Each structure stands twice: as structure tokens, then as C-alpha cells.
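The values are calculated or read from the model by the stated rules, or taken from the named source; none is laboratory data. Predicted, not measured: the structure shown is a model, and the values here were computed from it. Glycine also receives a Cβ, built like all others from the backbone with ideal geometry; neighbour counts cover every protein chain displayed. Surface areas here come from the heavy atoms of the whole protein model, side chains and all, with no ligands, DNA or RNA. Shrake-Rupley method; radii C 1.70, N 1.55, O 1.52, S 1.80 Å.
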Amino acid sequence: MLFKLSFRNMKKSFKDYAIYFLTLVLGVAIFYMFNSLDSQQAMLQVSESQRQIVQLMIEMLGIVSIFVAVVLGLLIVYANNFLINRRKKEFGIYMTLGMGKRQISKIILLETILIGILSLAAGIVIGVFASQFMSILVGKMFEADMSNFKFVFSQEACIKTCICFAVVYVAVMIFNTFTISRYKLINLLTAIKKNEEVKIKNPVLSILIFIIAVAVLGYAYWIVTGGINKLNSIDKLIWPILMGIGSTIAIFWSLSGFVLRLVQAKKSTYLKGTNMFVLRQLNNKINTTVISMSVICLMLFMTISVLSASLSLNDNVQKELVKLTPIDLNLNKKANLPESRKTLTGKTEKYSQSRREDSKINVEETLKNNGFDMNLLKDIVNISIYEIDNVRWSDFFGDILPQIKQEFPRLNYAAKEEIVKISDYNKIAQLYHMEQFELQDNEYIVLCDFNNMTIIRNRALQEGNILTIAGKQYIPKYEECQDGFIDMSNSSINMGIILVPDSCELGQEQVGRYFMAANYNVNTEKEKKEIEKLFTDQNSKLLQNFEKNDIDIEGVTRLTIVEASKGLATSIVFIAIYLGIVFLIASSAILALKQLTESSDNKQRYLILRKIGCDEKMINKALFRQIAIVFMLPLALAIIHSIFGIKFALTAMTSMASAEELLPSIIATVCIIGVVYGLYFLATYLGSKNIIKEEV
């Protein structure tokens with residue numbers, strides 16, 4: 001009997017369950033999709049180095065999934081609370097007919113189980129098919145071999161999804177039982193007639209708080225977008241974040257205190273059509289939903305920022321890699337080693353005689369001496385990079401050193417500057433297809449592509465700081481650092497290289513390290529990977545000879561940098577998309593359910609509108625405007641937050657895309673938010689329209 005009643009109730013109230021069911025299905029599908037990546041066929045066709053990155057990504061997704069499960073769990077409990085409140089009168093009738101609270105709890109329990117089973121089944125089915133497209137996307141981003149692609153069902157992800165959502169449903173059942181046990185019959189039967197108490201705010205105080213909140217928010221924006229150059233640590237970033245959160249709450253709190261009064265002052269607008277009714281409804285809604293509107297706004301801000309940045313990250317990484325990895329191989333070796341050195345622990349480490357002798361020759365000679373076939377390489381360039389005791393960072397900044405130290409106390413001012421002769425650098429620049437330079441006998445150039453360091457060094461260059469190198473003075477040729485680098489990397493990390501004329505008297509004993517750049521003398525990727533193994537596989541004959549002869553050569557290859565960078569970028573993108581979509585669904589669902597609750601509570605008010613002569617078209621228009629404004633308020637403020645948030649990211653992260661390069665990802669983000677947010681808005685409007693047509 002109770003099962004039949006539960007089933008009929010669910011069918012009858014399906015329009016009430018629509019948003020609840022939609023949220024559950026989307027949550028299950030997304031949870032399954034991102035937790036099934038380890039079983040996808042694309043994961044099995046990546047290289048060994050990428051396989052390790054994939055494993056790390058899966059572990060990170062597992063940790064993120066715990067947070068996602070908590071967010072979805074709280075969302076489901078919140079949505080379920082709406083359904084319980086929506087049916088108070090129904091429960092009151094059950095109790096009037098003699099049904100006990102225990103039986104009502106059983107009915108709700110059965111309904112929860114039914115909707116849980118349906119949503120789990122539908123969500124997993126959608127997730128299984130969607131995960132196949134996810135597999136193709138992952139394979140494309142990792143450049144995996146997809147020739148053996150197969151349809152995959154992840155039993156582990158399915159079990160994990162079922163367990164997580166089963167725990168959530170159990171929590172919902174306990175919550176429902178506790179809620180029903182607190183209800184009294186008189187409260188259930190008269191719940192529909194109760195109005196929420198609204199406290200009238202002082203309009204002058206509200207305007208004052210609004211102005212202060214906007215000013216504080218503007219100050220926070222100014223800080224994070226470069227107004228204070230000292231924003232170089234996380235602890236200093238906390239304050240603008242707290243100011244942003246506090247200002248957001250204050251703005252929503254103050255709006256309900258003066259907006260209505262402002263519109264009331266313009267009688268022609270206030271008294272037109274149903275504007276009076278709409279404005280008073282909005283005033284009450286904002287007044288009673290300050291915290292929820294603020295939370296929704298901040299969640300939308302995170303969604304916009306995260307999706308915009310992550311969607312552009314992969315393309316930007318690929319563009320950066322083309323520039324920063326122009327050749328196949330870089331090798332480095334320390335030069336002119338002393339007899340011993342002190343380690344970080346204070347112990348003295350002696351260098352062997354063989355290593356000290358090897359430190360006097362360049363990298364190419366070392367390779368030849370250890371049996372490497374140099375015919376495997378082409379476009380070989382060997383250069384010396386010098387380091388001198390009296391040319392350190394502290395010397396470079398000259399007279400402005402005290403000021404720079406005060407602003408940036410964490411820089412290592414005792415570090416030696418790297419110095420390269422102009423002809424040596426031009427050989428590298430020609431190989432890398434970069435700009436080459438010329439110098440007069442008394443000039444120097446600073447190469448730097450690390451943005452933050454470029455800004456600091458430019459201040460010294462603009463002062464015309466003179467450097468004394470090998471007994472001769474040199475002046476800067478340019479007042480700004482020039483873009484360039486020597487060592488390949490996955491990002492712009494060159495913090496400064498000083499180029500000097502060939503006439504600069506730097507001797508062999510002043511060489512700090514030897515550097516070699518080259519390409520593999522083969523054509524296919526397979527052949528390149530074979531040569532690559534000679535430098536990366538610990539079992540290769542070359543590396544074994546290095547170990548045997550106590551030779552230490554450091555190096556990077558384009559293939560390893562590209563694979564690691566793409567893998568890391570893909571991991572970040574997937575986690576960001578995962579969180580972004582969950583935040584978007586959560587914020588949209590909370591807002592939708594809140595509006596449905598308001599519509600349910602305000603049925604009597606709409607009945608009064610009908611009685612005083614308003615037709616259905618006017619009522620529906622009033623309802624549409626109410627819901628549209630409530631949906632747009634947090635979104636509008638979130639968009640403003642995002643503009644400055646993205647600008648901060650562009651300033652703080654040197655590897656971020658430019659504003660123009662972010663445009664496609666911003667457009668994609670707008671489309672994603674428009675579709676999801678729009679669907680929830682439409683479902684809310686249609687659901688509310690059905691609710692206000694019901695008899696009170």
C-alpha cells in the first residue's frame with residue numbers, strides 16, 4: 001500500500017521533482033565520467049612518461065571527487081528540503097486521516113529510494129556513453145594512439161558512484177525522518193498561509209553600506225590587478241579575497257534597503273502594470289536570501305574564472321612549447337670544478353680527479369670520450385656560459401639595490417649573473433630562429449623572458465647601471481630586457497642572461513658551465529625516440545659510461561618537456577572543468593530551487609492578482625521578470641568579479657594566455673554557462689508558472 005502511494009505521489013509530483021531529478025542525473029553522470037578515466041582505452045595507449053602523469057591525474061581526480069561528493073550531497077539535501085516544504089499540506093492531510101509520522105517517513109523513504117534508483121540508473125547510462133567521448137578527448141590531448149579504441153565500461157567507477165550517492169541518499173533519508181518528526185499537524189495545515197517575516201532596513205544606512213561595499217570592492221580589484229606591486233605572496237592575497245567576499249555580501253544586503261525606495265520615487269515606473277508587485281516581491285526575496293545570493297555569486301565567479309582559464313590553458317601550453325622547445329636536445333655541464341665543495345648540510349664533498357678533468361672540456365668532447373656517435377646529431381652548437389665573482393645580482397641593481405631589496409627581500413642577490421659572448425648567443429639564436437643582436441665594445445644586453453623579473457631588471461636598466469666586467473665598464477644598450485633564452489623549458493623562466501661583446505676578456509677559468517644544443521639527425525618520431533633513450537634510459541651505454549667515469553651531465557629533450565607539459569596541462573584542465581561544471585550545476589540548482597520555493601509560498605499573492613483583474617499574460621510576465629532579475633543579479637556581479645579575476649591571473653601567471661588569446665575560451669565559457677544556467681532558468685520559470693496556477 002505504502003509503495004503504491006509513494007509511486008503515485010512521485011508520478012503526480014514529477015513536475016516538482018524535475019529540477020531535483022535533473023540535478024541528480026547530471027551529478028551522477030559527471031561523477032562517473034571523471035572517475036572512469038583510468039579505465040578508458042585512451043589511457044592504455046600513452047607513453048611511459050605520460051602514463052605516470054595520467055596516474056597522478058587520476059589520483060588528483062580521486063581527491064577532488066571527495067570534495068565534489070560533499071558539494072553534491074549538500075545540494076541534494078537542500079533540494080530535498082524544498083520538496084518536503086512543498087508538500088507540508090499533503091502531509092497534514094495524511095495525518096488528519098490517521099496516518100502516523102512513522103508511516104509518512106516510510107512513504108518519503110520509498111520515494112527517495114525510487115528517485116535515487118532512477119537517477120542513478122539514468123546518470124550512469126548517460127555517464128557511460130559520455131565517458132567514451134571523454135576518452136577520445138583525453139586521447140587527443142595526450143596525443144595517444146587511438147587505433148585500438150574500444151567501448152569501455154568502468155566497473156570500479158560505477159561502484160564508486162553508487163557508493164557515494166548511496167551514502168548521500170541515506171543522509172537524505174535520515175534528514176527527512178528527522179524533519180517529519182518535528183512537524184505538528186497545525187503547522188502543516190497552515191504552512192501555506194504563513195508569510196516570512198521581513199525586517200525593513202533603513203534606506204540611508206543601506207545606501208551608505210552599498211557605497212562602502214563598492215569602494216572596498218574597487219580597492220580589492222585595484223590591489224589584485226597591480227595597484228600594489230608587493231602582492232607577491234599568498235598571505236597578502238588573502239586580504240583582497242576577504243574584502244571581495246565581504247563586499248559581495250554587503251552589496252546584496254544593502255540592495256533590498258534602497259532599490260525599492262528609489263523606484264518608488266519615480267511614480268510613472270513604480271505604478272506601471274505589475275511593477276509594484278514585482279519590485280516588492282524582489283525586495284523581499286533579496287532581503288531574505290542575502291547569504292544564498294552571495295554564495296551563488298561567488299560560485300558563479302569561480303565557475304567563470306576556472307572554465308575561462310582552463311579551456312585556454314591547453315592551447316596556450318602548446319603554443320608556448322613551440323616557442324620554448326625549438327630543437328631536440330639541450331645538455332649542460334659544470335665547468336672548472338674545484339677540489340671540493342660544501343653541501344647544503346655543511347659537509348665537504350670532494351670531486352674525483354676524472355670529473356675535475358672532464359669539467360675542463362665542452363659537452364661535445366665529453367660525449368665523444370664516452371663512446372657516443374656524434375653522427376646521430378646535427379646542428380650542433382657548443383657555447384661557454386661565464387660566471388664572475390664581482391658580477392652578481394647585487395652588482396646589477398647598483399644604486400637602486402636597497403630599494404629593490406626592500407620591495408623584494410626573497411631574491412637571491414648573492415647569485416652570480418650568467419654572462420654569454422654575443423657571437424655565442426647569436427649561434428643559439430640562429431638555431432632557435434630567434435632575434436640576433438649586435439653590440440658595441442662598451443655595451444651589454446640583458447635577456448630575460450620571466451615577466452616579473454623583467455619588470456625588476458628594467459628599473460636598473462632605465463637607471464643606466466654600469467657593469468664592470470673583466471676590468472672594463474659596460475653600459476646597457478637598451479633600457480629594457482630583450483626577449484630570449486638559452487635553456488629549453490616548458491615555460492618562460494629565464495631570469496636574466498647578460499650578453500657582452502666578443503672583445504670582453506673572459507678567460508677559460510671563468511666559465512661556469514658548458515652548454516650544447518643539437519637536433520637528432522633522423523626524420524621520423526620513432527627514430528628520434530630511439531636516440532632519446534640514449535640520454536634518458538638509465539640502462540643505455542652512454543649513461544652507464546657517465547656513471548662509470550663519474551661524469552655529471554644534465555639535459556632536457558623536447559620530447560620529455562612536451563609530454564610532461566601536455567600531461568600536466570591536461571590534468572589541470574580536467575580538474576578545472578570538473579569543478580567548474582559542478583559549481584555551475586550547484587549554483588544554478590540552488591537558485592532554481594529557491595525560486596520554486598518562493599513561488600510555492602506566494603501562490604496566494606498571485607491569486608489576489610487574478611482577483612483584482614490581472615490576466616494570465618500579465619501574471620506570467622511579472623513572474624518571468626522576477627525570476628530573470630533574481631537569476632541575473634548574482635551572475636552580473638560574478639561577471640564583474642571574473643573580469644578582474646582573469647586580469648589578475650594574466651598578471652600573475654607568465655604562462656597564461658593574453659587577453660586576446662583568452663577570447664575563444666571566454667566565448668566557450670559563456671556558451672556553457674548560457675546553456676546550463678538558461679536550462680535551469682527555463683525549468684524554474686515553467687515550474688513556477690505551474691505552481692502559481694494550483695489552487696491554494
Can you tell me the equivalent ellipsoid semi-axes for the stretch 506-601? Use √(5λ) from the Cα gyration tensor, largest first, whole Å. 55, 18, 13
Give the residue list of chymotrypsin sites (Phe, Trp or Tyr not before Pro) in the stretch 665-695 that are DSSP loop and have at most 16 other beta-carbon atoms within 10 angstrom. none
Measuring from its Cα centre, the stretch 401-531 shows a charge dipole (+1 at each Lys and Arg Cβ, -1 at each Asp and Glu Cβ) which, in debye to the nearest 20, is 400
How large a share of the accessible area of the stretch 293-417, in percent, is made up of carbon and sulfur atoms when the probe is 1.4 Å and the other protein chains stay in place? 50
Roughly to the nearest percent, how much of the accessible area of the stretch 458-573 is carbon and sulfur, given a 1.4 Å probe? 45
Over 32 Å between C-alpha atoms is what I'm after, so list which of Lys360/Lys529; Lys347/Lys416; Lys272/Lys693; Lys319/Lys350 land there. Lys319/Lys350
Residue separation times 0.36 nm, minus the C-alpha to C-alpha distance between Ile291 and Ile667: what's the value? 132.4 nm
Given the stretch 433-487, what whole percent of its Cα pairs are spread farther than 14 Å? 55
Rolling a 1.4 angstrom probe over the protein chains, ignoring ligands and nucleic acids, what is the accessible area of Phe535 in square angstrom, nearest 10? 30
The ³J(HN,Hα) series, computed from each phi in the stretch 489-503 with the Karplus coefficients 6.51, -1.76 and 1.60 at θ = phi - 60°, rounded to the nearest Hz and given as x for glycine or proline, is 7, 8, 8, 7, 10, 5, 8, x, 10, 9, 9, 10, x, 5, 6
Rounded to the nearest 0.05, FRET efficiency between Leu568 and Ile612 (Cβ-Cβ, R0 60 Å) equals 0.40
Of all trypsin sites (Lys or Arg not before Pro) in the stretch 388-494, which ones are in loop regions per DSSP and have a Cβ with at most 13 other Cβ atoms within 10 Å? Arg410
Rounded FRET efficiency, nearest 0.05, which uses the C-beta distance separating Glu438 from Ile639 and R0 of 51 Å: 0.55
Using the heavy atoms of the protein chains alone and a 1.4 angstrom probe, what is the accessible area of the stretch 480-523 per residue in square angstrom? 37
Inter-label distance for Lys621 and Glu547, nm, one decimal - labels placed 7 Å from Cα along Cα-to-Cβ: 8.2
Just the Kirkwood number for the stretch 467-518, please: inverse of mean 1/r across all distinct Cα pairs, in Å, one decimal. 13.6
Contour minus Cα-Cα distance for Asn523 and Phe175 (0.36 nm per residue): 118.7 nm
The stretch 435-515: GluC sites (Glu not before Pro) in DSSP loop, at most 13 other beta carbons within 10 Å: Glu435, Glu438, Glu479, Glu505
Inter-site label distance for Ile212 and Phe67 at 7 Å from Cα along Cβ, in nm: 3.2
Over 10 Å intervals from 0, what percent of Cα-Cα pairs in the stretch 444-553 sits in each interval? 11, 28, 28, 20, 13, 0
